[in-house]
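The values are calculated or read from the model by the stated rules, or taken from the named source; none is laboratory data. A quick note: this is a predicted structure, and the numbers were derived from the prediction, not measured. When we count neighbours, we look across all protein chains shown, and the Cβ atoms used for this are built from the backbone with ideal geometry, even at glycine. Ligands, DNA and RNA are excluded from the accessible area calculation, which covers all protein heavy atoms including side chains. Shrake-Rupley method; radii C 1.70, N 1.55, O 1.52, S 1.80 Å.
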Amino acid sequence: MTINASKDLYAAVPDEQGRFGPYGGKFVSETLMAALAELEVVYSNLSTDKHFQQELDHDLQHYVGRPSPLYEAKRWSDSIGGARIYLKREDLNHTGAHKVNNTVGQALLAKHMGKKRVIAETGAGQHGVATATIAARLGLDCVVFMGETDIQRQALNVYRMKLLGAEVVSVTSGSRTLKDAMNEAMRDWVTNVDNTFYIIGTVAGPHPYPMLVRDFQCVIGREARAQSLAQTGRLPDALVACVGGGSNAIGLFHPFLHDESVAMYGVEAGGHGISTNQHAAPLTAGTPGVLHGNRTYLMQDSDGQIMDTHSISAGLDYPGVGPEHSWLKDIGRVNYVVANDDEALRAFHKLTKIEGIMPALETSHALAYAETLAATMTPEQTIIVNLSGRGDKDILTVAEIDGIVV
Amino acid sequence: MSRIAGRFQQLAAQRRTALIPYIVAGDPSQDATVPLMHRMVESGADIIELGVPFSDPMSEGPVIQQAHERALANGMCLSRVLELVQEFRKSDDTTPLLLMGYANPVMYMGYKAFADAASAAGLDALITVDIPPEEVDDINAQLQRVDMDNIFLVAPTTPEERISRIAAGASGFIYYVSLKGVTGAGHLDMEEVTQRLAAIRRHSQLPLAVGFGIKDADSARAVAAVADGVVVGSALVNAMAQTLADGGNSGQAIEAVASLLGEIRQGIDSAAS
Ligand SMILES: Cc1ncc(COP(=O)(O)O)c(C=O)c1O
């Protein structure tokens, strides 16, 4: 086997300091440094341990329901008349989104470290639900931090978490969304670091989280790559995924990074439009800075204060992004684009009507961009869109926007 | 000699422990900060630690979080904090001043620009909560260029071999975070603090200050018996916030801080004697 130079490039990050080029690192208080060092050691031992991998694969197959299908959206593709679009069906996973791939992995780490309590931050509630689910299965105490605003707009998921036995803590500081939930989770972790494992829900946070969450999510891209070869006899021409913190996107992209013919598009939340400043698109409109333990593109003002974000989807409503995406942007390997609230809503309705698949509002951003992209391509070409989650949790939000009382 | 080293030397000669109050610049108002600083010096402060407000103060408990939010709502920003430092220096050229904050505002201003502006304003040292030794090289180079101390934190979870590495790069003093938790938490374990300070002393000659969880004269007295400096934050910020919430004006809020600080000073001095 020959290893080409670009493959080495992507395998070389993060470095020992957790850096992806100038991004990433470990910007946390001293109290957490020992816990991060311990996690690094445990992860580096277990990630090469055959028994751990078998345990993980077993859970992914029998509990999560993997592999997830790669489904050709024929009616949708026909309606556009351009490239053929395939959907990687992460919505069919247990709990309804890609989040569980990572949660299963981190919960296994927690189990091996003997931690009896897990905490998580959540925006849309999908990561919170996935964490509460695994905690129920393993008999761990579980506390989920969620911004007050998100608790209101994702009420169904809040109740799901409670049914699963988790405590949901309403966060009322700052903008009362995902970033504040993450602040509060960090505060809890620093206080209970001896007995608590912090299950971060995306490829953000201090090293080693961006790396280990990526590794756990790469199952998406590995499967999709093999499925594409099996079903179409070739690699896709383009990949599209929405980017909140960036975990479903990196999970799909990473196994294809060295396939130079495959173009990649990460779709950020354009909110009311980039020009309105009410969006959640740090890669498109932000600048580098430090938040939540890593250096990355952020939405910040001229004093380095983190700005409030807006997105119709709670899971994308975050002012930062995983550091690996910042690096992939700078080196030009991945294109980062936006879809606005109204475009995402249209895509939500369209896929529901034309394919009988109701996507999450987060995912709908990827679908909206894929539709635009497909129209510029030919029927001989294919696109894989990461269908990161199902839309049941968003029904009340959509109904409200459409003026319907359920 | 730097103001910080000089102050600790002078206190050591008097066998006294440094009292280091923390307030957030711009809380409760931009105008109140400099008068409050002077009043704290009159009430027994040896060094002043000024919090730089940040939108995401991850290491703070609710009391100081709210102070950060109030200060930002009052239009506080890092360059304005440095202006307040400069204003304070017009009538006090001896009290050491340090800023405590988070990486991002300093990084956004630029380490070089910050070091230049801060040293021109008369600042003595910086503590950034979320820049551990692993990430410190760039900012250290700039602070050293202008002879400013970068104060390192040691936590209850810091292993001893790491303490020795931290001590090797430290200057000014070492700040021991007395508990696992956020500012304002209430579970100070004096036995553990005593043991940990002894461990740090095995690796460093620098003065040791202790912060987080010290809230009154009693806890300050206990810590002063084993440390060279005592940092008090949440209790002062809370005294101010309570006075205002009860309908008091800004002058009364300043006096509430002064009176609590005076009690804590007495507590500390009674430990020394
Ligand atoms: C279905 C779904 N997709 C995407 C996201 C965004 O997260 P990430 O960018 O980490 O994939 C979320 C987050 O809550 C989600 O629930």
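Residues checked against (1) more than 9 Å from the ligand (Cβ to nearest atom); (2) open to solvent by 50 Å² or more (accessible area, probe 1.4 Å); (3) at negative phi; (4) at pLDDT below 95:
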residue: A:MET358; (1), (2), (3), (4): yes, yes, yes, no
residue: A:THR363; (1), (2), (3), (4): no, no, yes, no
residue: A:LEU373; (1), (2), (3), (4): yes, no, yes, no
residue: A:THR382; (1), (2), (3), (4): yes, no, yes, no
residue: A:ALA399; (1), (2), (3), (4): yes, no, yes, no
residue: A:VAL406; (1), (2), (3), (4): yes, yes, yes, yes
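Within the bounds of segment A:278-290, is there any residue that is open to solvent by 10 Å² or more (accessible area, probe 1.4 Å) and part of a strand (DSSP E or B)? Scanning segment A:278-290, I find at least one residue that is open to solvent by 10 Å² or more (accessible area, probe 1.4 Å) and part of a strand (DSSP E or B), so the answer is yes. Screening A:ALA249, A:ALA181, A:ALA224 for residues that are closer than 20 Å to A:THR363 by Cα and in contact with a Gly (Cβ under 6 Å, 6 or more places away or on another chain) leaves exactly one candidate, A:ALA249. Counting only helices (runs of 4 or more DSSP H) that sit wholly inside segment A:191-274, those with at least 2 residues that are over 21 Å from the mean Cα position of the chain (by Cα) and more than 22 Å from A:ARG333 (Cα to Cα) are A:219-232.
Taking the listed residues A:GLY315, A:GLY322, the one that is more than 23 Å from A:SER275 (Cβ to Cβ), out of contact with any Leu (no Cβ under 8 Å at 6 or more places or on another chain) and in contact (Cβ under 8 Å) with a residue 24 or more places away in the chain is A:GLY322, with no other qualifying. Within segment A:316-337, the only residue that satisfies the criterion of being acidic (Asp, Glu) and more than 15 Å from the chain's Cα centre (by Cα) is A:ASP330. Based on what the data block shows, is A:GLN106 away from every other protein chain (no Cβ under 14 Å) and within 14 Å of the ligand (Cβ to nearest atom)? Here the answer is yes, as A:GLN106 does meet what is asked. Scanning segment B:141-162 for residues that are over 25 Å from B:THR94 (Cβ atoms), surrounded by fewer than 19 Cβ atoms within 10 Å (Cβ to Cβ) and of a type outside the set (D, E, K, R) returns B:ALA141, B:PRO159.
Checking B:THR128, B:THR95 one by one, the residue that is more than 8 Å from chain A (Cβ to nearest Cβ), within 18 Å of the chain's Cα centre (by Cα) and closer than 19 Å to A:PRO288 by Cα is B:THR128 and no other.
The set of residues in segment B:59-77 that are buried (at least 24 other Cβ atoms within 10 Å of the Cβ) and of a type outside the set (S, T, N, Q) comprises B:GLU60, B:ILE64, B:ALA67, B:HIS68, B:ALA71, B:MET76. Can you say whether A:TYR209 is surrounded by 24 or more Cβ atoms within 10 Å (Cβ to Cβ), within 14 Å of the ligand (Cβ to nearest atom) and away from every other protein chain (no Cβ under 14 Å), as far as the supplied structure shows? Yes, satisfied.
Of A:GLY293, A:GLY389, A:GLY332, all but one fail to be within 15 Å of the ligand (Cβ to nearest atom), at pLDDT 95 or above and open to solvent by less than 60 Å² (accessible area, probe 1.4 Å); the exception is A:GLY389.
Just a yes or no: is a residue in segment B:120-140 farther than 25 Å from A:GLN305 by Cα, open to solvent by less than 10 Å² (accessible area, probe 1.4 Å) and touching a residue at least 40 places away in the same chain (Cβ under 8 Å)? There is no residue in segment B:120-140 that is farther than 25 Å from A:GLN305 by Cα, open to solvent by less than 10 Å² (accessible area, probe 1.4 Å) and touching a residue at least 40 places away in the same chain (Cβ under 8 Å). Here A:SER29 passes the criteria (1) within 16 Å of the ligand (Cβ to nearest atom); (2) within 14 Å of chain B (Cβ to nearest Cβ); (3) of a type in the set (S, T, N, Q) except the one numbered (1).
For (1) among the polar types (S, T, N, Q); (2) open to solvent by less than 10 Å² (accessible area, probe 1.4 Å), each residue gets a yes or a no:
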{"position": "B:GLY181", "(1), (2)": "no, yes"}
{"position": "B:LYS215", "(1), (2)": "no, no"}
{"position": "B:SER259", "(1), (2)": "yes, no"}
{"position": "B:ALA271", "(1), (2)": "no, no"}
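In the condition set (1) within 11 Å of another protein chain (Cβ to nearest Cβ); (2) not in a helix (DSSP H, G or I), B:GLY172 is compliant with all but (1). Just one of the listed residues (A:LYS116, A:LYS99, A:LYS162, A:LYS111) is open to solvent by 10 Å² or more (accessible area, probe 1.4 Å) and within 11 Å of the ligand (Cβ to nearest atom), and it is A:LYS99.
For segment A:249-274, the candidate set comprises residues that are open to solvent by 10 Å² or more (accessible area, probe 1.4 Å) and either within 14 Å of chain B (Cβ to nearest Cβ) or in contact with a strand residue (DSSP E or B) (Cβ under 8 Å, 6 or more places away or on another chain) (or both); within that set, the residue that is nearest to the ligand (Cβ to nearest atom) is A:TYR265.
Residue check: is A:SER228 away from the ligand (no atom under 13 Å from the Cβ), at pLDDT below 95 and either open to solvent by less than 20 Å² (accessible area, probe 1.4 Å) or of a type in the set (Ser, Thr, Tyr) (or both)? Taking the combined requirement at face value, the residue does not satisfy it. Scan segment A:172-190 for residues that are assigned to a helix (DSSP H, G or I), away from the ligand (no atom under 13 Å from the Cβ) and in contact with a strand residue (DSSP E or B) (Cβ under 6 Å, 6 or more places away or on another chain) and the total you get is 5.
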